[in-house]
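Chemist: Quick one: this structure, given as structure tokens, is what I'll be asking you about.
Only the coordinates and a few stated rules stand behind these numbers; no lab work does. Bear in mind the structure is a predicted one, so any value in this text is a computation, not a measurement. Positions of Cβ are backbone-derived with ideal geometry, glycine not excepted, and every protein chain shown enters the neighbour counts.
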């Protein structure tokens, strides 16, 4: 398990399949988090079983985690490192808070820092990147505010709600992450809460 100030990340378990299915069927959640293949329960269970092997298995290209609220261990979301390329040192980062009433409550920031620490320090990656649709202004705004840099976009890349929208690519190098002022402050607050 990986711990932050407000969240815990743990490996997905087969019992999580029904919770994931509920979130995957939520249109708003799907627009922000697309690291799944289907909303069918059997396929979700198969995806969970394929993710076994642990963080340090060099064959894994995808590492999904259940996000738990730390104070009561309630599942509130899911996150993933996908398309992990250990040779070139990068991976796509995805995160989604599935419980609507938990969105915009500071869980995303904590989750992001925990997942980036895993990517940069445990896996030794040099870069993480995100894909964000232009009709997800909070996702784009929050990623840029955190420190992700625009790297380009694909025009009319996705057909959403009857129209084509652009997809933006954002990247963050490990060296840039280490210079962000929010990270040590957040970690210090997390450590202070553990005493």
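Chemist: Under 13 Å from a point 7 Å along the Cα-to-Cβ line of residue 40: which residues of the range 15-33 have their amide N that close?
Modeler: What the label zone holds, given the 13 Å backbone N cut-off, is no residue at all.
Chemist: So what is the relative contact order of the chain, in percent, for Cα pairs below 8 Å that sit 6 or more residues apart? It would help to have the intermediate numbers written out before the result.
Modeler: Numbers: 316 pairs, mean separation 36.3, N = 195.
It comes to 19 percent, rounded to a whole number.
Chemist: Okay, moving on. Quantify how much of the Cα-Cα distance distribution of the range 77-177 extends past 19 Å, in percent. All intermediate terms of the calculation are to be shown ahead of the outcome.
Modeler: Numbers: 2241 of 5050 pairs.
Looking at the range 77-177, the distances longer than 19 Å represent 44 percent of pairs.
Chemist: Add -39500 (n - 2.57) for each DSSP H run of 4 or more in the chain, then divide by its residues: what number comes out at 222 nm, to the nearest 500 deg cm²/dmol? Intermediate results must be reported in sequence, preceding the final value.
Modeler: Working: 7 runs with 60 residues, N = 195.
My calculation for the chain gives -8500 deg cm²/dmol from helical runs alone.
Chemist: Can you work out the PRE-style zone for residue 164? Point 7 Å along Cα to Cβ, and I want the residues of the range 118-155 with backbone N under 17 Å.
Modeler: Residues 133-135, 153-155 fall inside that zone.
Chemist: What does the convex hull of the Cα atoms come to per residue for the range 1-124, in Å³? It would help to have the intermediate numbers written out before the result.
Modeler: Values: hull volume 12.1 nm³, N = 124.
Output value, Cα hull per residue: 98 Å³.
Chemist: Please report 183, 114 as a ranked list, fewest other C-beta atoms within 10 angstrom at the top and most at the bottom. Could you put the intermediate results ahead of the total?
Modeler: Working: 183 18, 114 25.
With the fewest neighbours first, 183, 114 line up as 183, 114.
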